[in-house]
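Contents: one structure, followed by commentary.
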Amino acid sequence: MKVLLVIVGMALVTYIPRLLPALFLDRFQFPAWFRKWLQSIPYAALGALIFPGVLLVEKDQPLLGLAGGLMAFLLSLLNLHITLVMAGSILIVILLQYFFF
Amino acid sequence: MESKPSNLEIKSSSQLVQGIQAGLPIFLGYFPIAIAFGTLAVQAQLSWTEAVLMSLIVFAGASQFVGVSMFLAGAGAAQIIATTFFLNLRHLIMSLAVNDQMRHFSGGWKGFLSFFITDETFALLTLGRGDHRSERRTPAYMAGLMITAYLGWVTGTAVGGLGAGFIPVEITTAMTVGLYGLFIGLLVPPARKSLNFGIIAVSSMILNWALGLFMDAGWAIVLATIFAAGLGIILIKEDV
C-alpha cells in the first residue's frame, strides 16, 4: 500500500510540471524576447543534458562516456541518420569495454 | 464515396506512421534501459505490477531509478516524492517548447500529449530533422512518436521485471551512451548551421558543469537551461 502511494505521488509530481505549459501557454501573446528564449530552449537543454552527464555513464570510467560522445559527434558531422549515430556510439563503447575496460 | 477515406484521414494516418517511425530510435534506446529498471525494481522488492505501474504512470527514467534506489535505502515516501519532483522539474521548461508547437491543438490533445514529454521525446520533437514545423506537428504525428517511445519504456520494464538480470550491466552502460548519442546527433546539425545555437549549447554545458559543483544535478540542469537559453535573447537577431 505504501509503495502504491509513493508511485502515485511520483506520477502526480512528474505530470504537473509537464502539464502546466499546456494550460496557460496559449492564453498569452508573448513578447519577442520571450519567443527568442523559447526558441533557444532545445539547444540549452540538450547542452545541459549532454555535459557532464555523458562522462558519468560509467562512474569510474569517464573516458568510456567521452569516447561514445566523441563518436556520436563525429558521426553527426557526417549528417548520418540519428539511428546510425546512436549505433556508432553504442558500438565504440561495447568494443572499448571488451578490449580495454 | 462514403467508404473512401477523406483526405484528412489519409493525411492523419500517414502522419501517425511518420510519428511512429520517428519515435523508433527512442523505443530502441529505452527498451534495454527499461529492462535494467525492471530488474532493479524487482530486486528492490517491488512487485512486477508495481514496477510496470510506475513506468506506466510516471514515465520518467532517471527519477524512477532514483526512486527505486531510495526505496531500497529505506527513504520515506515524502523524501522520494520530493526528490522526484525536483529531478523532473526540467520537464516544465521542455514542455514550454513542446507546447509552443502545439498551440493549434485542442486542450485535450495538449493535456494528453504533455504527459509523454521526456528528455528524448522533447529533443526529437524540437530538433528532429526534416523539420517543417507547422506542417508536421499534427496530433497524430506527435502521438505516434511519443507513444512509440512510451511503449519501449513500459514493455522493457515488463520484460526486465520478469527475468531478473539477464541483460549484463555492460550492455546497459553502452545503451545509456546511445541516448547521449541521440542528444548529440540531434544537437550537432542545427548547431553547425547556426553558430548562435552552438554557442548557447556549449555555454549551457559549461554552466551546468559549474553549477553541478555546488548543487545537485536536477537543479543544475534546470538553471543552466534557463540562463543559457537567455543568451538567445541577445544572440538571435531576427524576430521569431
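Details
- Selected residue (criterion: farthest from residue A:23 (Cα to Cα)) from residues of the stretch B:83-92 that are crowded, with 21+ Cβ neighbours inside 10 Å and at the interface with another protein chain (Cβ under 8 Å from one of its Cβ atoms): B:84
- Residue within the stretch B:229-236 that is open to solvent by 20 Å² or more (accessible area, probe 1.4 Å), touching a residue at least 24 places away in the same chain (Cβ under 8 Å), aliphatic (A, V, I, L, M) and within 9 Å of chain A (Cβ to nearest Cβ) present: yes
- Among the residues listed as B:198, B:178, B:163, the single one being within 13 Å of another protein chain (Cβ to nearest Cβ) and open to solvent by 10 Å² or more (accessible area, probe 1.4 Å): B:198
- Residue B:80 meets each of the listed conditions (1) modelled with pLDDT under 95; (2) open to solvent by 20 Å² or more (accessible area, probe 1.4 Å); (3) over 28 Å from residue A:85 (Cβ atoms) apart from (2).
- Pair list, Cβ under 8 Å, 6 or more apart: the stretch A:89-101 residue closer than 14 Å to residue A:65 by Cβ, other residue open to solvent by 80 Å² or more (accessible area, probe 1.4 Å) and of a type outside the set (A, V, I, L, M, F, W, C): A:94/B:170; A:97/B:170
- For the residues B:162, B:186, the requirement of being over 22 Å from residue B:121 (Cβ atoms) and of a type in the set (A, V, I, L, M, F, W, C) singles out B:162.
- Residue that is farthest from the other protein chains (Cβ to nearest Cβ), among those in the stretch B:100-115 that are open to solvent by less than 10 Å² (accessible area, probe 1.4 Å) and under 14 Å from the mean Cα position of the chain (by Cα): B:113
- Hits in the stretch B:16-49 - residues which are open to solvent by 40 Å² or more (accessible area, probe 1.4 Å) and either more than 18 Å from residue B:126 (Cα to Cα) or not assigned by TED's automatic domain parsing to the domain that holds residue B:124 (or both): B:17, B:28, B:31, B:40, B:42, B:43, B:45, B:47, B:48, B:49
The values are calculated or read from the model by the stated rules, or taken from the named source; none is laboratory data. Just so it is clear, the model here is predicted, and its values are computed rather than measured. We place every Cβ from the backbone using ideal geometry, glycine too, and count neighbours over all the protein chains shown. Note: areas computed on protein heavy atoms with side chains; ligands, DNA, RNA excluded. Shrake-Rupley method; radii C 1.70, N 1.55, O 1.52, S 1.80 Å.
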